[in-house]
Every structure is written in C-alpha cells, then in structure tokens.
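The values are calculated or read from the model by the stated rules, or taken from the named source; none is laboratory data. What you are looking at is a predicted structure, and each value in this text was computed from that prediction instead of being measured. Cβ coordinates were reconstructed from backbone atoms using ideal geometry, including for glycine residues, and neighbour counts include every protein chain displayed.
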Amino acid sequence: MHEAGECGTLSCAGIKVAVGSVSPDYLSGAFEKGRCDMTRDELLGRISIDPHICFGKPCIRGRRIWVSLVLDLLASGMKPEQIMEDYDLAEEDILACIAYGAEMSRERYVDIPTGTGA
C-alpha cells in the first residue's frame, strides 16, 4: 500500500484518512483488489455543490444526498453495502464521499476537546 500522496489515485491518496471512517476489510476489498480505478479527481467529480440544492451542501451529483449523511452513516458503523442498498448508491458514490471528507480534513480542522483522563 502506498503512502498518502505518492500517486494520483484514491487507492494511494487519502487512504490513511479513510481508514477511521470505514472498516479495514471494506477498504482492503475496494482498493487492494482494484475495484476502484478512478482517480481522486474523478471521484470528486461525483460530488456537486449548488447553492440552490440542499442549501449548498455537498451532495452526490444528481441526488439530494448529502456527503455528510453518508460519512455520518459510515462513522456510526453502517456497512457501505447497506448504505448503497438503502440509498440506491454505487460504490463509487461512497468512495467519492470518503474522498471529499479526506480533502476537507486536509484544509480544515475540528476543535476536539482534550480530556485529562479516561
């Protein structure tokens, strides 16, 4: 597996960011078996932002499904296959949401309070 940024495909760029959001088994299946041969830019092209649709929030192109919804569902433990079935999405749509989230995490930070103990 490549380090982030070694090449232009999603299988290299951003994979370390995505690991926290999706089960490692899913990632190994999608990336190591080469099921997703789209570049990061091609995946991001599946995302649209239109101020007249969904309040300008990033959505899956041609749909009114927010990227943040897909990422929240993944973070809550929902399997990508279940999201694809429930929302009639392609695997590339899920990967596009992960790619978008990875790009956003490079540009912005969320303040997370640090605790003093467990």
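With the requirement that a residue be surrounded by fewer than 16 Cβ atoms within 10 Å (Cβ to Cβ) and either part of a loop (DSSP other than H, G, I, E, B) or in contact with a strand residue (DSSP E or B) (Cβ under 6 Å, 6 or more places away or on another chain) (or both), what does the range 61-109 give you?
Correct list: R61, G62, R63, R64, S76, G77, M78, K79, D88, A90, R108, Y109.
With the checklist (1) modelled with pLDDT of 90 or more; (2) over 15 Å from S48 (Cα atoms) in hand, flag the one item C97 doesn't pass.
(2)
How many residues are touching a residue at least 24 places away in the same chain (Cβ under 8 Å), surrounded by 18 or more Cβ atoms within 10 Å (Cβ to Cβ) and in contact with a strand residue (DSSP E or B) (Cβ under 7 Å, 6 or more places away or on another chain) if we restrict to the range 40-60?
4
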